[in-house]
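The values are calculated or read from the model by the stated rules, or taken from the named source; none is laboratory data. Note that the structure is predicted; figures quoted are calculated from it, not measured. We place every Cβ from the backbone using ideal geometry, glycine too, and count neighbours over all the protein chains shown. Surface areas here come from the heavy atoms of the whole protein model, side chains and all, with no ligands, DNA or RNA. Shrake-Rupley method; radii C 1.70, N 1.55, O 1.52, S 1.80 Å.
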Amino acid sequence: MTEQEAIALVDTLLCSAHLGQKLNDVQSVVFIETWTGRSYAEIAKQLGYQNDYIKQVGSQLWRSLSQLFGEPVSKRNIQAVLRRYQQSQQGKQDWGEAIDVSRFYNRHEERRSLESWILEDCCRWIGIFGLGGMGKTALSVKIAQQVRSRSVCEAESQFEFVIWRSLQQAPPLNALIREILPILTRETETPDASINSFMAQLRVKRCLLVLDNVESILQGKERSGQYQSGYQDYRCLFERIADEPHQSCLVITGREKPGGFTVREGKNLPVRSLLLKGLAAADGEEILIDKGVNATELQRQAIVNYLGGNPLALKIAATTIQELFSGDAQAFLAQGSTVFSDLWDLLEQQFERLSPLQQKIMYCLAIHPEGVTPAKLQAEILSKVSGRELLEVLESLKERSLVDVINGNLKQQPVILEYVTQRLIQTIKQEVTTTNVNLFRSNTLIKAQTQYLLA
């Protein structure tokens, strides 16, 4: 292990364990130079500091690392400690295609909640849900790193295994189990890739398993949470993980809750969910700053508010500002509200998963930007839809993070409202042009409200 590899490992562990803390510049130099065998006096001379100050920095550094690794650490044994740690992790962590989260934007409250649910409350099934681009994947990697780092220091909460996998390519469950079981059993072959064998391992081993992009195995165009044909065995596995006693934890991420989740979750139950909202203003602004956007604080806030703090949307917007507006945010804002191409594609993916009725309700909500109650929606817009059916659709849209409920009113986030409005205009114009006016004719209120849109 080189000194650069060593300091990268220490920074990762510190960042995970202490919610963002890393070695400062002086500590980093002391660590690297000590690793290569230089004395405090030589380091002090190199940096231009007093010898006593460098000794103090070193002493604080070793105390922090002793707490991190759970054993005494000094400049004499640091290499041995890190070698032992590295050897202890072999075969116990498998991150698959997990993304790099060394640059991470806050989420302190969400991370504290998730860590508490996993380590203190021993939850068996946890879901991180939210609109596309909200950072669910990044958060899942970050919390897994954080929990793993805590486990190193605290034997009572130690996870023997941390495994992260993406379901984006919709792997069959038996293929996924065949890939994971050898990690848990330390056997090269797994003749029995059944759910029973997998559950047996989760009972005897303490494993943190993260499955990203669960919506990839769910159906679109239907009620949220319905599994695709051939993937119902995932539901069986998930429900057994939720219902049976064991010492492991499954964390899933997705744009909607899978079937069987909602009925099992509760504030004081072993199944819980976190609805991931947009970043706080300051964190959203940090993305724009990192991307080099030339903007005042008020301009940055306007962009963050319009995009609902969606991290991916902010990165897309920043790229658009850089490439089309030479980094000038004022010129971008002067164009007015608009959904640019890459962001349109992101929202299109989510919208195309909706059923015709769900899409129609999204259009209805778009013509009431100030918000509308479910009762008004039922009475004035969707009189032919039963109350039960309407509530099911609204719940599905809420679970997909496409609708917010604010003071009893149903509303869409500004960027979603703008997208749906633009799509509504395009659809009606196309129907008028082709004389196939199904949507336009289907509801008199939509017809009345959209006259000004077509003007």
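A compact table of results
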| read-out | value |
| --- | --- |
| Test result for GLU239, open to solvent by 20 Å² or more (accessible area, probe 1.4 Å) and in a loop (DSSP other than H, G, I, E, B) | no |
| Boolean, VAL293 is open to solvent by less than 30 Å² (accessible area, probe 1.4 Å) and free of Cβ contacts under 8 Å to residues at least 40 places away in the same chain | yes |
| Residues satisfying the stated conditions in the range 395-416, i.e. crowded, with 19+ Cβ neighbours inside 10 Å and part of a helix (DSSP H, G or I) | SER396, LEU397, GLU399, VAL415, ILE416 |
| Residue match in the range 90-102 (condition: farther than 30 Å from LEU176 by Cβ, basic (Lys, Arg) and modelled with pLDDT under 90) | no |
| Residues that are among the aliphatic types (A, V, I, L, M), without any contact (Cβ under 8 Å) to a residue 60 or more places away in the chain and surrounded by 19 or more Cβ atoms within 10 Å (Cβ to Cβ), drawn from the range 418-433 | ILE428 |
| Selection from the range 48-71 of residues that are open to solvent by 80 Å² or more (accessible area, probe 1.4 Å), over 13 Å from THR34 (Cβ atoms) and over 36 Å from the mean Cα position of the chain (by Cα) | TYR49, GLN50, ASP52, TYR53, GLN56 |
| Residue list for the range 31-47, filter: surrounded by 18 or more Cβ atoms within 10 Å (Cβ to Cβ) and farther than 18 Å from MET1 by Cβ | TYR40, ILE43, ALA44 |
